[in-house]
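Below is one structure, written out as structure tokens, with a few remarks after it.
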Amino acid sequence: MRRALVLFVLVPLAIVVVVLSVANRASVTFSLDPFGGDPPALSLTAPLFIFLFATLFLGILIGGVAAWIRQGRWRSLARAERAELQRTRQEVERLRERVTELTSGTTLPANRDAA
């Protein structure tokens with residue numbers, strides 16, 4: 001299974017990344033200065049593929065955080081259910097100990113409705 005993942009997903013993805021990097025290696029200037037002063041304030045010059053990969057990474061990060069926040073309700077419900085399960089298990093164990101305590105050395109009364 002792992003080998004198939006590498007062969008059919010990761011290898012083609014690596015090829016695409018290398019081709020994209022080679023095709024977009026020219027330097028570009030990214031500027032946050034809306035007025036375009038000379039020299040531009042808040043600017044960064046780097047190969048285009050760096051900006052493309054940074055944007056892709058930022059999109060993945062924002063999407064992951066958004067999904068994590070959206071699933072918060074389900075995680076909280078799972079925590080509540082887990083706590084309820086733990087309380088129920090403790091109650092069952094307590095009742096088993098009580099039954100063992102009551103039945104040790106004594107016989108249970110006969111069922112009157114059986115006759």
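No value in this document is a laboratory result; all are computed from the given coordinates. All of these numbers come straight from a predicted model, not from anything done at the bench. Glycine gets a Cβ as well: all are built from the backbone with ideal geometry, and neighbour counts include every protein chain shown.
Some notes on this structure:
- Note on Leu44/Trp68: beta-carbon distance plugged into 1/(1 + (r/R0)^6) with R0 of 30 Å gives a FRET efficiency of 0.55.
- For segment 1-110, chymotrypsin sites (Phe, Trp or Tyr not before Pro) are listed when DSSP marks them as loop and at most 10 other Cβ atoms sit within 10 Å of their Cβ; the list is Phe35.
- Between Val18 and Ala54, the FRET efficiency from the beta-carbon distance, with R0 = 22 Å, is close to 0.80.
- Loop-located trypsin sites (Lys or Arg not before Pro) in segment 1-57 (DSSP state other than H, G, I, E, B) with a sparse environment of at most 11 neighbouring Cβ atoms within 10 Å: Arg25.
- What you get for the chain, charging only the Cβ of Lys and Arg (+1) and of Asp and Glu (-1), is a dipole of about 400 debye around the Cα centre.
- Rg/Rh, computed from the Cα trace of the chain with Rh as the Kirkwood radius, has the value 1.48.
- Dipole of the chain, positive end: most advanced residue of Leu61, Ala83, Leu13 [Cβ charges, Cα centre]: Ala83
- Hull volume per residue, based on the alpha-carbon atoms of segment 9-70 and their convex hull, is 94 Å³.
- At an R0 of 25 angstrom, the distance between the Cβ atoms of Glu101 and Ala80 translates into a FRET efficiency of 0.20.
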